[in-house]
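These notes are about the structure you will find just below.
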Amino acid sequence: MAKPKRKLTAAERRAKKERQKKYQWIFINGKQVRVKRPPTIDGLPVDEFILRNADPIWLHQNEMWEYIQPEPIPFPDEDEVNAAFDAAHQQDAIEEE
């Protein structure tokens, strides 16, 4: 007859919960292996958290230049340029009179 299972004590449950937070099980060569979990910030991997939240100055100071995205150059719309040109031309015409 098999030995009946016993319940874990409170200290054993706490220790088990801490181990589960600290380690994870993965398969390597068909065997289960316990390895440390990768570090996370707010549930995101550290690299992804940095990419989402860092500004270009911080990235430059920490020599992470490959992650710096160039800011798009806002070109004015053609209609806006024409309207500004017309307004300036009309202003010049008024001043000449």
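Put simply, the C-alpha atoms of the chain give a gyration tensor, and the ellipsoid matching it has half-axes of 67, 16, 14 Å, longest first. Its relative contact order, with pairs defined as Cα atoms under 8 Å and 6+ residues apart, puts the chain at 10 percent. Only one residue of 51, 2, 29 has its Cα farthest out toward the positive end of the dipole of the chain, where Lys and Arg carry +1 and Asp and Glu -1 on Cβ, and that residue is 2.
The label point for residue 65 and the one for residue 83, both projected 7 Å from the Cα toward the Cβ, are 4.1 nm apart. Net length available on complete extension from residue 49 to residue 11 is 10.3 nm, with 0.36 nm assigned per residue and the Cα-Cα distance removed. Dipole check for the chain: with +1 at the C-beta of Lys and Arg, -1 at the C-beta of Asp and Glu, and the Cα centre as origin, the magnitude is about 3920 Debye.
The Kirkwood hydrodynamic radius of the stretch 54-96, based on inverse pair distances between different Cα atoms, is 13.8 Å. Taking every protein chain into account, the accessible area of the chain amounts to 100 square angstrom per residue (probe 1.4 Å). Among the protein heavy atoms of the chain, carbon and sulfur supply 55% of the accessible surface, probe 1.4 Å, non-protein parts ignored.
The values are calculated or read from the model by the stated rules, or taken from the named source; none is laboratory data. What you see is a predicted model; the values in this text were computed from it and never measured. Don't worry about glycine lacking a Cβ; one is built from the backbone with ideal geometry, like all the others, and counts go over all protein chains shown. Protein only, heavy atoms only, side chains kept; ligands, DNA and RNA dropped before computing areas. Shrake-Rupley method; radii C 1.70, N 1.55, O 1.52, S 1.80 Å.
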